[in-house]
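Working notes for the structure below.
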Amino acid sequence: MLKITDLSKTYLNGETALSKFNLEINSKITSLLGYNGSGKTTLMKIISGVLTPTTGKVEIFGHSPYSFRQFMGYMPEENFLPPFLTGGEFLMFCCRLYGMPKSQAKEKIKTSLGILKSLPLKNKLVKNMSSGNKRKLLLIQAFIHQPKLVILDEPSVYLDAKSKEFMRYSIECLPKSSMVLISSHILSEIEEIADTLIILRQGKLIKVLNRQDIAQKGQAWVDDIRKIMG
């Protein structure tokens, strides 16, 4: 379970990105939906341990984000990758950080790149890759160690159809006890896969919907959500 209690984040410039945010998540796949500036990325960075909240706390299966990092997979919105490593070196580095044996890591890297039909990325320098190929590497590293929590911040940006299919396949292959948190500002990208939909606006929790709510309202829910998002 992911538990967020009285979470707030105010940056040094005075901007408040999150305000008194409270939430409990038990779903397999939870989607954060909101326009740019709604607080999605800030929330995900705090959950992943990249940012420290101004007030409040986050508990992941009873642990703090910092103590849970080894069991977490995180795909940030930004393509921050070491430019002078090859794709294979970067993925191997990630696997070793997670404590994966080298032989197992080699096999997983080969399999993942093969599924994406991107084996040449193994020997290509990151600095020479397109944005789409960098996103592929970030997607692979988020899932490669079968984490208990996967955080995907705007994952579909620059991804082709094959990569999006790989993402859905990777989610399906996770253990039943694992959780996935995925953000987007595009409703159509997440409505088919989410068990729970969290709507944010200007740093505040606006609405929580589950799959049953969505199914009961049919197509009418799309207009309702757009009104809620403002």
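The values are calculated or read from the model by the stated rules, or taken from the named source; none is laboratory data. All of these numbers come straight from a predicted model, not from anything done at the bench. Every residue, glycine among them, receives a Cβ derived from its backbone with ideal geometry; neighbour counts consider all protein chains shown. For accessibility, only protein heavy atoms count, side chains too; no ligands or nucleic acids. Shrake-Rupley method; radii C 1.70, N 1.55, O 1.52, S 1.80 Å.
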Worksheet item: Within the range 53-60, is even one residue outside any helix (DSSP H, G or I), open to solvent by 70 Å² or more (accessible area, probe 1.4 Å) and of a type in the set (Lys, Arg)?
Response: yes
Worksheet item: How many residues are assigned to a loop (DSSP other than H, G, I, E, B), surrounded by 12 or more Cβ atoms within 10 Å (Cβ to Cβ) and of a type in the set (Phe, Trp, Tyr) when one looks only at the range 1-27?
Response: 0
Fill in: Check on Lys176, among the basic types (Lys, Arg) and part of a helix (DSSP H, G or I)
no
Practice prompt. For Glu192, work out the one condition from (1) of a type outside the set (Gly, Ala, Ser); (2) in contact (Cβ under 8 Å) with a residue 12 or more places away in the chain; (3) not in a helix (DSSP H, G or I) it doesn't fulfil.
Written response: (2)
Worksheet, complete the sentence: In the set Ser178, Ser170, Ser183, the lone residue that is in contact with an Asp or Glu (Cβ under 6 Å, 6 or more places away or on another chain) and either in contact (Cβ under 8 Å) with a residue 24 or more places away in the chain or closer than 25 Å to Leu121 by Cα (or both) is Ser183
Worksheet item: Just one of Ser177, Ser131, Ser170, Ser184 is over 25 Å from Phe61 (Cβ atoms) and of a type in the set (Gly, Ala, Ser); which is it?
Response: Ser131
Discussion item. I'm checking my understanding of the structure. Among residues of the range 211-225 that are within 22 Å of Ser156 (Cα to Cα) and surrounded by fewer than 16 Cβ atoms within 10 Å (Cβ to Cβ), which one is modelled with the lowest pLDDT?
Written reply: Val222
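Which residues, taken from the range 28-38, are open to solvent by 10 Å² or more (accessible area, probe 1.4 Å) and either closer than 18 Å to Pro65 by Cβ or of a type outside the set (A, V, I, L, M, F, W, C) (or both)?
Lys28, Tyr35, Asn36, Gly37
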Worksheet, complete the sentence: Of (1) touching a helix residue (DSSP H, G or I) at 6+ places or on another chain (Cβ under 9 Å); (2) at pLDDT below 90; (3) surrounded by fewer than 14 Cβ atoms within 10 Å (Cβ to Cβ), Asn123 fails just (2)
Practice prompt. Output the number of residues of the range 84-100 satisfying the condition of being over 15 Å from Ile151 (Cβ atoms) and open to solvent by less than 70 Å² (accessible area, probe 1.4 Å).
Written response: 10
Discussion item. Considering only the range 68-83, I want to know if a residue exists there that is of a type in the set (Phe, Trp, Tyr), surrounded by fewer than 18 Cβ atoms within 10 Å (Cβ to Cβ) and over 30 Å from Ser27 (Cα atoms).
Written reply: no
Item to complete: Scan the range 115-125 and give yes if some residue there is in contact (Cβ under 8 Å) with a residue 24 or more places away in the chain and assigned to a strand (DSSP E or B), otherwise no.
Response: yes
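Only one of Ser170, Ser184, Ser163 is crowded, with 16+ Cβ neighbours inside 10 Å and within 22 Å of Glu24 (Cα to Cα); which? Before the answer, list the steps.
Numbers: Ser170 fails: within 22 Å of Glu24 (Cα to Cα); Ser163 fails: within 22 Å of Glu24 (Cα to Cα).
None of the other options fit; the residue is Ser184.
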Item to complete: Take the range 1-40 and flag every residue that is within 19 Å of the chain's Cα centre (by Cα) and hydroxyl-bearing (Ser, Thr, Tyr).
Response: Ser27, Thr30, Ser31, Tyr35, Ser38
